[in-house]
Structures are given as structure tokens and as C-alpha cells.
Amino acid sequence: MSDGPRPTVRTYTVRHIRAESGELDIDFVDHGDHGPASAWARAAKPGAFCGFGGPGPVKLKCYYADDYLLAADMSAIPLVAASLEAMPEHAEGDAYFEILDRQDQQYIRAPKGIRQHWMVVTPQETPGDRIVEAILKRPWAQGTVQTCIAGERGMIKQLRAYISVERETLTADSYISGYWKVGLVEDEHQKMKRAEADDASPKRRFSILRDYMKTRTISAIWFGR
Ligand SMILES: Cc1cc2nc3c(=O)[nH]c(=O)nc-3n(C[C@H](O)[C@H](O)[C@H](O)COP(=O)(O)OP(=O)(O)OC[C@H]3O[C@@H](n4cnc5c(N)ncnc54)[C@H](O)[C@@H]3O)c2cc1C
């Protein structure tokens, strides 16, 4: 690989791993043949080749919140499932899932105090809209809130502005990440994310605020830290 062309790379979450048998499970969203990963998964048969690099860092390393807020579209169900399975038994909160078919709903071993909301959306709906609506309606809990949220970039932009700006949730408590973007292949999306991360300037903070103000009135503004 070091002297040849760079292979096509896509990012996926390990859902389960069985070291003793050398197996791991990955849940691919089947979004048709317009992407090498989705196309590969649709056509995969025993013996089909797929190389691996990683793993990347664990997204939420410790759990100490009074209230948990989790959300995923289909691409991030494995992430939120892994977080729910790792949480302490007494954890409380809500987990919102957008799925494309009732059959996409799955059993996740989660603390009893976490309410799971599985919402079936149609292809005509904008990805993430139902999750955003549900989270904005949900009363914000007192105490420490930890989030674990991922999915389409449009949803993430709205929720990041709400969670960071209005609710002043600290970044350390809050995993929130765009996993894909309508109309962009993953490399383009990652490039856009890197450019934004490099731009940790007042301009960046202003753009978060501007996106937020398009949809909501503001009651608190967070510039510091
Ligand atoms: C940390 C991380 C973990 C991830 N874990 C998972 C996972 O476990 N399972 C999973 O399925 N995805 C996961 N993703 C998302 C996945 O990497 C992207 O969806 C990726 O774009 C898929 O590659 P592709 O080759 O199929 O499509 P690409 O070549 O990247 O894109 C082709 C077209 O398909 C569209 N597209 C891409 N993803 C979707 C989608 N989910 N729904 C509808 N249209 C889409 C694009 O907008 C583009 O128009 C993860 C992403 C990150 C950053």
C-alpha cells in the first residue's frame, strides 16, 4: 500500500468483535450503488475482500451524566448502540433513532432509564429533521448532560448550535459528529470537516450562531472556553 495508489477508504463503526474467532460485525447502510462502500456491501459474498485500518478512538470514554441525550440516523445506530451498551445501569435519558423501515429497528441492550424512540422516516423527508424536532421539544435536564449524536451533516449543524450555544454543553461532555453529507462522497465531507476544525476562529463561532439563528430565537450566547 505504501508505494501504490491510495485505496478507496470509508469509515465504519465496529458493532461487535469476536477476537477468539477473528470476526467483527459492521452494519452498513444500504443507500444504493452510488458509493463504493454501499455498493461493496450490497454485492458482498463470502470471500469478498475488504481491508481494514484502525481502530479509531472510542467516542465517549466515560459516563458520569445526570442525563443522556443520544441520537442517530441509520449510519450512527452502531455508535449509539455501543454507547448504550457501555453505560451504567442507572443511566437516564433519551435515545432518538431515525430509521427508513420498521424492520430497521433493532434490540439494543440499554439501561432501563433510557427511553428509546424509533422514528420511521420517508425518503421524501430531510434526513435528521425528525430528530432535531424531537430534541428541540425535549425539556433540557438539570445537571450534567452528556450527548452522543451522529448522522447527516445538516442535522448535526443544527444540533451542535443548539447544544453548544443555547445549552452551553461543554465539548468534553458532548460527542456530536457529522457522519455523511447529502451529495458529497466521504473524502469531500472529511475535507470540509477538517477545514472547519482548523478554522477555530471567531468566524467559525459566528457561523454556528448564524445557522442557529436561522431556525431559532436565541436566549443565551456562548463565546468563551
Ligand atoms: C466515525 C464514523 C463512523 C461511521 N460508521 C458508520 C457505520 O457503522 N455504518 C454506516 O453505514 N455508515 C457509517 N458511517 C458513515 C459512512 O462512512 C458514510 O455514509 C460513507 O459516505 C459511506 O460511503 P459510500 O462509499 O457508501 O458512499 P460515498 O462514496 O461516501 O457517497 C456516495 C453518495 O452516497 C451518499 N451517502 C453516503 N452515506 C449515505 C447514507 N448513510 N445514506 C444516504 N446516502 C448516503 C453521499 O451523500 C453521496 O451522494 C460512519 C462515518 C464516520 C465518520
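Where a number appears in this text, it was derived from the coordinates with a stated rule and is not lab data. Quick caveat, the model's predicted, so the values are computed rather than measured. Please note: Cβ atoms are built from the backbone with ideal geometry, for glycine as well, and neighbour counts cover all protein chains shown.
Among the trypsin sites (Lys or Arg not before Pro) in segment 1-95, which ones are in a DSSP loop with at most 10 other Cβ atoms within 10 Å of the Cβ? Mind listing them? Mind showing how you got there, number by number?
Details: sites: 10, 15, 18, 42, 59, 61; in loops: 10, 15, 59, 61.
Here the trypsin sites (Lys or Arg not before Pro) that fit, given the DSSP loop and packing criteria, are 61.
Note down the nm distance, to one decimal, between modelled labels 7 Å out along Cα→Cβ at residue 185 and at residue 25.
Those two pseudo-labels are separated by 3.1 nm.
For residue 42 and residue 117, calculate 0.36 nm times their separation in residues minus their Cα-Cα distance, and state this gained length in nm to one decimal. Provide the component values of the computation, followed by the final result.
Details: separation 75, 0.36 × 75 = 27.00 nm, distance 2.77 nm.
This chain segment gains 24.2 nm when fully extended.
Could you please report the charge total around residue 190, scoring K, R as +1 and D, E as -1 over all other residues with beta-carbon less than 14 angstrom from its beta-carbon? Numbers along the way, then the final one.
Numbers: positive: 6, 10, 153, 181, 191, 193, 194; negative: 186, 187, 188, 196, 198.
Net local charge, residue 190 excluded: +2.
Run a plain Debye calculation on segment 67-215 (Cα atoms as equal point scatterers, no solvent) and give log10 I(q)/I(0) at q = 0.11, 0.21 Å⁻¹, rounded to two decimals, same order as the q list.
-0.42, -1.48
Roughly how many nanometres apart are two label points built 7 Å out from the Cα toward the Cβ at residue 137 and residue 61?
3.7
Given a Förster distance of 45 angstrom, what is the FRET efficiency for residue 103 paired with residue 3, based on the Cβ-Cβ distance and rounded to 0.05?
Values: r = 45 Å, r/R0 = 1.00.
E between residue 103 and residue 3, to the nearest 0.05, is 0.50.
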